[in-house]
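Before any comments, here is the structure.
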Amino acid sequence: MAGMSLLMRSVVPVWIVSILAVIAVGVFVTPDMYLVFLPVVLGLVLLITFGIQLLVPVRKGFVDRVSASVGGAVLILAVATVVLGPLAFAAGATI
């Protein structure tokens, strides 16, 4: 990890947490509640993003790092919604 830029070192852990959280939702939550818990995962990812960025001593690039973290997490959650959404509706979820 020594060769990675600060951007990647502060962004990749957020993406990993979002992937693990989506997997946890898929495994531990009943299918009709998938669409309820995915926004909770987004909130968790936002808190983790700001927590990590507050620990980084470098101010320059803050917006880029937060944008990359949240943007990647939103993309991961969009893919998860495409996969879990039909399963949720098949289980009786309503909008």
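Just so you know, all these numbers are worked out from the coordinates, no wet-lab data involved. A quick note: this is a predicted structure, and the numbers were derived from the prediction, not measured.
What to note about this one:
- Summary value for the chain: 44 percent relative contact order, contacts being C-alpha pairs under 8 angstrom separated by 6+ residues.
- Helix-only mean residue ellipticity at 222 nm for the chain, each DSSP H run of n ≥ 4 adding -39500 (n - 2.57), per residue, nearest 500: -27500 deg cm²/dmol
- For the pair THR94 and SER5, the difference between a 0.36 nm per residue extended length and the Cα-Cα distance amounts to 27.7 nm.
- Region 44-51 - phi-based ³J(HN,Hα) in whole Hz, Karplus 6.51/-1.76/1.60, Gly and Pro as x: 4, 5, 5, 4, 5, 4, 5, x
- Whole-percent P(r), region 7-90, all Cα pairs, 10 Å bins from 0: 19, 48, 23, 9, 1.
- One decimal place: the segment VAL40-VAL74 gains 11.0 nm when fully extended, by the rule 0.36 nm per residue minus the C-alpha distance.
- Rounded to the nearest Hz, the phi-derived 3J(HN,Hα) couplings of region 22-34 under the Karplus curve 6.51 cos²θ - 1.76 cosθ + 1.60 (θ = phi - 60°) are 5, 4, 5, 4, x, 8, 9, 9, 5, x, 6, 9, 3, where x marks glycine and proline.
- Across region 74-88, computed HN-Hα scalar couplings (Karplus, 6.51 cos²θ - 1.76 cosθ + 1.60, θ = phi - 60°) run 5, 5, 4, 5, 5, 5, 5, 5, 5, 7, 7, x, x, 5, 5 Hz from first to last residue, x flagging Gly and Pro.
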